[in-house]
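Notes follow once the structure below has been shown.
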Amino acid sequence: MRKKIIAANWKMHMTQSESEAFITTFLREIGDLDEIEIVILPPFTAIPKVTELLTQTQNIKVGAQNMHWERSGAFTGEISPPMLRDLFVRYVVLGHSERRAMFCETDEIVNRKVRAAYEQNLRPILCVGETLAERERGEVEKVLSTQLRGSLANVEARELLETVVAYEPVWAIGTGKTATADQAQEAHAFVRQLLREISDDATAEKVRIQYGGSVKPENARQLLSQPDIDGALVGGASLDPRSFAQIVQAGVPND
Ligand code: PGA
C-alpha cells in the first residue's frame, strides 16, 4: 500500500505572517488526521517559520520549491542542498513546468538537481507533464518518456524509492482545467510503466505518483481514488487552509 502524499505548492506566495495564519487554521481543520502524508512547500523565506510551527506534528513535512545542484559557490541568488538540510527540509520540488518554461530548466539540469538531492538526503518531487500542443499532437507518451528518462538518468532503484513523481499536465496548471480522472489515471499508469523500465517492478510499485493541475476540493476525491494516483500537488487551492484541508481529507480512504 502506498501512503498518499498531498503537497501544498505555495509558489511565490505567503509572507511569514501569512504562513503563520495559514498553518494555525490548517492544523485546526485537519485535527489529528494521519492517514495522509502532507507536505507544505513555502517560498524559501517562509521555510523556517513553517518548520517552527510544525515541530509538534508527525505527518506534515516541509519542502522547498527548487534548489541549485552545487553545494556552494559563486551562484548569486541560488540556494544549495545543504542550506535546505540546515533548515530541516525533507522534500524538494524539481523540474516544475514553470521552472522549465520560465527559467530554462532542461532535463539535464533537473537530473543534476535530482542527484544532488539524493546526496543530501532530500526527497525530490520530480515534475513531468505535457503542454496542450503536445497532447494535441499525440505526444503525451513521448514527452513523459523523455522527461522521466532524462531527469532520472543514472539514478539507482534505492534512490527512486525516495522519489515522488508529480504528473502535471501543463495545460491544467492554474487554468481551472483539470485532467479527467480517466486521463490522469492513463498518464499515471504510463508513468508507472516507465518506472518499471527504468528500474524494476517492485520499485515501480512503491514509488508514489502525484497528480497536479487545478486540483480543488470538488475534484480531489475522484482523482485520488484512481489506482495509480497516490497524491496531489496543489497550487492555487493550497493557498486557502480550508480548501487545502478539504483536499487532504478527500484522500483519506473511505473504508
Ligand atoms: P494549480 O498548480 O493547482 O494552481 O493548477 C499546480 C502546480 O503548479 O503545482
>> Quick check on packing: order 173-181, 230-238 by the mean number of other C-beta atoms within 10 Å, highest mean leading.
In response: 230-238, 173-181
>> Quick one: 3J(HN,Hα) in Hz for the stretch 24-40, Karplus 6.51/-1.76/1.60 with θ = phi - 60°, rounded, Gly and Pro as x.
In response: 4, 5, 4, 4, 5, 5, 8, x, 9, 3, 9, 6, 10, 7, 10, 10, 9
> In Å and whole numbers, how far do the C-alpha atoms of the stretch 35-129 stretch along each principal axis, longest first?
Replying inline: 37, 32, 23
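Counting alpha carbon pairs within less than 8 Å and at least 6 residues apart, what relative contact order, in whole percent, applies to the chain?
It comes to 21 percent, rounded to a whole number.
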> Here are some pairs, K49/K216; K11/K216; K113/K206; which of them have Cα atoms lying more than 18 Å apart in this structure?
Replying inline: K49/K216; K113/K206
>> Please list 3J(HN,Hα) in residue order for the stretch 130-141, calculated via the Karplus relation 6.51 cos²θ - 1.76 cosθ + 1.60 where θ = phi - 60°; whole Hz, with x for glycine and proline.
In response: 9, 7, 4, 4, 5, 4, 5, 7, x, 9, 4, 5
>> Explain nothing, just compute: Karplus ³J(HN,Hα) = 6.51 cos²θ - 1.76 cosθ + 1.60, θ = phi - 60°, for every residue of the stretch 98-113 in order, whole Hz, x for Gly and Pro.
In response: 5, 6, 5, 7, 9, 10, 6, 7, 9, 4, 5, 5, 4, 4, 4, 5
>> If every alpha-carbon in the chain counts as one equal scatterer, what log10 I(q)/I(0) does Debye give at q = 0.08, 0.16, 0.17 1/Å?
In response: -0.27, -1.21, -1.39
>> List the residues, sorted by chain then number, that are 5 or more residues from V92 or on another chain and whose placed amide H is less than 5 Å from its amide H.
In response: A64, R123, I125
>> Counting only helical runs of four or more DSSP H residues, what would the 222 nm mean residue ellipticity of the chain come to if each run contributes -39,500 (n - 2.57) and the total is spread over all its residues?
In response: -12500 deg cm²/dmol
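FYI, it's all coordinate maths here, none of it is from the lab. Source: prediction; values computed, not measured. Counting neighbours? That spans all protein chains shown, and the Cβs are built from the backbone with ideal geometry, glycine included.
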